[in-house]
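Presented below is the structure to which this report refers.
The values are calculated or read from the model by the stated rules, or taken from the named source; none is laboratory data. Here the structure is a predicted model, which is why all the values come from computation and not from measurement. Note that each Cβ is placed from the backbone with ideal geometry, even for glycine, and that neighbours are counted across all protein chains shown. Ligands, DNA and RNA are stripped out before the accessible areas are found, and what is left, the full protein with its side chains, is counted by its heavy atoms. Shrake-Rupley method; radii C 1.70, N 1.55, O 1.52, S 1.80 Å.
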Amino acid sequence: LSRETDACLAGTGIPSRQEIPIDLPAVRLPGEIRRELVPCVREAVANALRHANPREVWLRVRFDAPRLQVLVKDDGNGFQVDSQRHGHGLANLRERMEAIGGRCTVLSSPGCGTSVLLEVDCRPSDSRERVADRSKRLHRQPRVPANHDFDAAWYDGTTNVRHSRSWA
């Protein structure tokens, strides 16, 4: 994910800030998750570059077994999520994440940047299917912070990161 972000931002002059916890376990993601999650991160970064005119892009990763959360955030133009006409990019993100039993949540507002939160269960696929079926039956909606900022929900006061890079 870090390499994909770097590759997308290479040559743009837009700095990247990447935060990955020091204690992130070395868990090999199932192939179907990798095949969908990596393009989702690439699409989220590409959307920021294409539409947001950001000064900086963030990649944050969090793993609370068995749940993996990946946040791609920019400080660009932002948009009104409910009233904006969208291309296929956001729909593709949601479809890709749903295909692996995950979820994509997009928060944005004009002038405040955009946050794309990708969440997926990293258990073997038969376990994920049972959890996804149960979630659909319960019609659960993601809990979104009232201030439209995922930062508060991300870290519980810890600032331990394996690396945090910022470059032009």
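Points to keep in mind about this one:
- Of all accessible heavy-atom area on region 1-52, the percent that carbon and sulfur account for (1.4 Å): 51
- Positive-pole candidate from Leu29, Ala52, Ser16, dipole of region 15-71, charges at beta carbon: Ala52
- For the peptides 114-121, 31-38, the ranking by mean Cβ contacts within 10 Å, running from highest to lowest, is 114-121, 31-38.
- For region 1-93, the calculated P(r), taken from all Cα-Cα distances in 10 Å bins from zero up to the bin holding the longest distance, is 14, 46, 32, 8, 0 percent.
- Dipole magnitude of region 1-126, debye to nearest 20 (Cβ charges: Lys/Arg +1, Asp/Glu -1, about Cα centre): 160
- ³J(HN,Hα), Karplus 6.51/-1.76/1.60, whole Hz, each residue of region 52-64, x for Gly, Pro: 9, 6, x, 8, 7, 10, 10, 10, 10, 10, 9, 10, 10
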